[in-house]
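One structure is given here, and the rest of the page talks about it.
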Amino acid sequence: MVSWRKIINTISLGAFGDGCHEKVKLTDRDGLRKIGIVGNPNVGKSVIFNNLTGAHVTVSNYPGTTVDVARGKAKIEGSEFEVVDTPGMYSFLPITEEERVARLLLLTEEPEVILHVVDTRNLERMLPLTLQLIEAGLPVILNLNMMDETESAGVTVDIDKLETELTVPIVPTVATSGRGMDALRKRIIEYARN
Amino acid sequence: MPEIKSLQTDYDGPIESALSSISKLLRGHYGISKRMVALLLLQEDAEIERQVKEQEDENYKSIQNILPEVKSNYGHPLSYIIAMTRQQKVNNVLDSVIATRDKSDKGFAELLSRAMMNPLSGIIILFGVLYFGLYQFVGVFGAGTLVDFIESIVFGEWINPWVSGIANTIIPFQILRDLFVGEYGLVTLGLSYAIAIILPIVGTFFIIFSIIEDSGYLPRLAMLIDRIFKAIGLSGRAVIPMVLGFGCDTMATIVTRTQETRRERIITTLLLALAIPCSAQLGVILAILSGDGWSLSIWVGVITLVFLLVGFVASKAIPGRGPSFYMEVPPLRLPKLSNVLTKTYSRLQWYFFEVLPFFLYASVFLWLGDLTGVLDIITSWLEPVVVLIGLPPEASIAFLYGFFRRDFGAAGLYDLNTAGALVGVPLVVAAVTITLFIPCIAQFGVMLKERGIKTAIAITLFVFPFAFAVGYLVNLILTTLGVAL
């Protein structure tokens with residue numbers, strides 16, 4: 001629902017803007033610590049966002065549903081965070097407008113934790129972005145989402161080993177059913193404390 | 001947590017040495033590691049280049065000099081070399097991490113998925129989806145059965161007489177009574193158009209659209225249509241804004257952001273403004289034309305032709321290269337009822353939030369116009385144009401409605417049609433013209449914002465006379481051929 005409201009705002013407030021999104025305003029709200037959600041299109045970022053914040057961002061089965069940045073609040077073990085859901089990005093080197101918006105957000109807002117959500121079935125296409133986030137020195141947690149579909153496709157992932165190889169925390173989830181969300185929250189708060 | 005040295009991807013010699021010399025020269029604050037800034041500079045990232053130029057006044061020159069040196073070592077762009085190295089690294093890591101049980105039997109979903117993207121079976125499936133989803137469910141059920149019930153029973157027999165009764169007893173002045181229950185009354189026109197005609201149509205469309213989008217059909221449709229779209233300067237990526245446009249062109253114009261090039265975004269915006277009817281408009285038009293197969297076919301044919309022709313000409317006229325196309329194809333999934341209902345609900349809520357005030361303003365505006373005689377003047381300007389394309393003069397009022405909202409205009413036609421004032425060839429001509437006719441106010445606002453004032457005005461100035469020209473041509477051809485519908 002958030003994104004629909006956003007669209008109305010876009011229509012009513014920005015109708016006479018200059019047609020340029022480079023100036024997307026990314027304001028600090030309440031100075032809360034931030035969790036940024038990034039990843040390829042259609043890997044479940046918005047579902048993770050909804051789970052963390054209790055909001056209802058529209059979720060669809062096609063890439064590119066989130067064209068704007070959605071924001072919400074999450075309370076994890078008593079600490080409040082601002083959660084920021086970004087449009088999909090394939091690479092840290094942007095090609096489309098939405099990728100530019102997503103990266104600009106990482107550059108300007110400097111979130112405390114960056115949650116990279118991936119479709120576990122296609123790790124070989126997803127991990128290049130993880131490597132780039134690590135290379136950029138950003139605080140990444142890798143979220144292996146869609147574990148159920150991965151398992152039923154007959155793919156098994158050695159998570160401990162991947163964690164040592166990549167040197168970042170990894171959490172497997174099935175966002176649509178909520179599986180692994182508690183573990184994810186725990187890792188986020190651990191990471192934010194360090 | 002123990003300090004772990006974080007993972008680093010090692011690139012080819014010349015790239016590595018360039019990275020370290022650039023990193024040493026960087027002084028500014030970028031929010032990311034210097035190594036990454038250097039990597040992005042090597043890949044000619046415009047945004048980062050701008051930032052570096054701003055922050056590194058004296059060192060910028062030296063940094064700039066490094067780039068051509070590194071480039072000269074390779075036959076491919078550096079972004080390609082860097083991406084390949086990274087992919088190699090990922091593959092090495094994954095080798096020892098992932099195990100796949102061989103599952104050659106992919107089952108029904110895989111079979112269906114292929115059938116959807118195959119040119120032959122894909123077209124058959126597409127027609128099936130259009131026929132059952134759009135025509136039967138939205139057109140016949142939503143715009144026919146539901147609209148009939150709500151309009152003639154709920155409003156016609158219950159609400160309108162009841163409200164008129166109240167108005168007659170408590171409002172002493174005829175003029176003020178008309179504001180609520182007259183020809184252009186808030187209740188009898190504004191509210192009843194919005195709820196009796198638009199709501200059932202948009203509601204049924206959003207249900208179908210939510211089911212289709214959750215099933216994963218749209219990306220497959222994109223793959224199927226990619227080749228046709230290439231001819232009009234678009235890629236399969238344009239399918240999503242286009243299909244969404246059948247729901248609401250305003251939203252769809254916002255979604256053009258997912259497209260790669262400015263050229264593609266302009267062509268899509270133009271086609272959305274011109275040839276993609278939104279759900280409310282589509283439903284009403286399906287409803288008034290569905291009585292006659294020929295009328296409907298002519299309308300579909302003309303709109304499709306205009307879509308392809310204008311797209312083709314625009315892709316020749318607007319400079320820039322054709323897009324490349326790459327899209328994730330998600331698995332086919334059975335849509336979840338709860339998600340479909342939530343989405344339909346939130347879309348309807350959004351739609352109504354936007355639409356209802358417009359209808360009410362329009363009612364007041366028309367009532368005022370009627371009262372002051374302005375309405376007659378504007379209608380008299382439109383009349384010659386409307387008559388020129390072979391329509392009865394009364395139809396000009398529907399076009400006036402169309403200025404406010406596309407669907408409002410179509411709803412005006414619906415009224416004329418049920419009153420028997422608009423049938424046969426003129427009905428088809430009117431439907432064609434009002435479909436192509438100017439985008440609604442909200443869509444125009446979004447066009448201004450997304451494409452800039454020049455492009456938005458250029459598109460509108462093109463669409464407006466073009467719609468009437470096509471209407472004129474269709475009328476001319478049909479009457480010359482002596483077609484009786």
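Numerical summary
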| item | result |
| --- | --- |
| Qualifying residue in region B:120-142 (condition: more than 30 Å from residue B:289 (Cα to Cα), more than 10 Å from chain A (Cβ to nearest Cβ) and not acidic (Asp, Glu)) | no |
| Options A:144, A:127, A:133, A:138: the member that is in a helix (DSSP H, G or I), touching a helix residue (DSSP H, G or I) at 6+ places or on another chain (Cβ under 7 Å) and either surrounded by fewer than 22 Cβ atoms within 10 Å (Cβ to Cβ) or at negative phi (or both) | A:127 |
| Failed item, numbered, when residue A:53 is tested on (1) of a type in the set (Ser, Thr, Tyr); (2) under 13 Å from the mean Cα position of the chain (by Cα); (3) at pLDDT below 85; (4) over 30 Å from residue B:223 (Cα atoms) | (3) |
| Some residue of region B:87-108 being more than 10 Å from every other protein chain (Cβ to nearest Cβ), assigned to a helix (DSSP H, G or I) and in contact (Cβ under 8 Å) with a residue 60 or more places away in the chain | no |
| Test for residue B:471: is it of a type in the set (Gly, Ala, Ser), free of Cβ contacts under 8 Å to residues at least 60 places away in the same chain and away from chain A (no Cβ under 14 Å) | no |
| Subset of region A:150-194 that is in contact with a strand residue (DSSP E or B) (Cβ under 8 Å, 6 or more places away or on another chain), among the β-branched types (Val, Ile, Thr) and not in a strand (DSSP E or B) - its residue that is nearest to residue A:77 (Cα to Cα) | A:189 |
| Within region B:42-67, considering residues that are of a type in the set (A, V, I, L, M, F, W, C) and buried (at least 18 other Cβ atoms within 10 Å of the Cβ), the one nearest to residue B:82 (Cα to Cα) | B:42 |
| Yes/no for residue B:44 being at positive phi, in contact with a Pro (Cβ under 9 Å, 6 or more places away or on another chain) and free of Cβ contacts under 8 Å to residues at least 60 places away in the same chain | yes |
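Conditions (1) without any contact (Cβ under 8 Å) to a residue 12 or more places away in the chain; (2) farther than 24 Å from residue A:90 by Cβ; (3) surrounded by fewer than 24 Cβ atoms within 10 Å (Cβ to Cβ); (4) not assigned by TED's automatic domain parsing to the domain that holds residue B:198, marked per residue:
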{"position": "B:222", "(1), (2), (3), (4)": "no, no, no, no"}
{"position": "B:225", "(1), (2), (3), (4)": "no, no, yes, no"}
{"position": "B:235", "(1), (2), (3), (4)": "no, no, yes, no"}
{"position": "B:247", "(1), (2), (3), (4)": "no, yes, yes, no"}
{"position": "B:265", "(1), (2), (3), (4)": "no, no, yes, no"}
{"position": "B:281", "(1), (2), (3), (4)": "no, yes, no, no"}
{"position": "B:289", "(1), (2), (3), (4)": "no, yes, yes, no"}
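The values are calculated or read from the model by the stated rules, or taken from the named source; none is laboratory data. Everything quoted here is computed from the prediction, not taken from an experiment. Backbone-built Cβ (ideal geometry, glycine too); neighbour counts: all protein chains shown.
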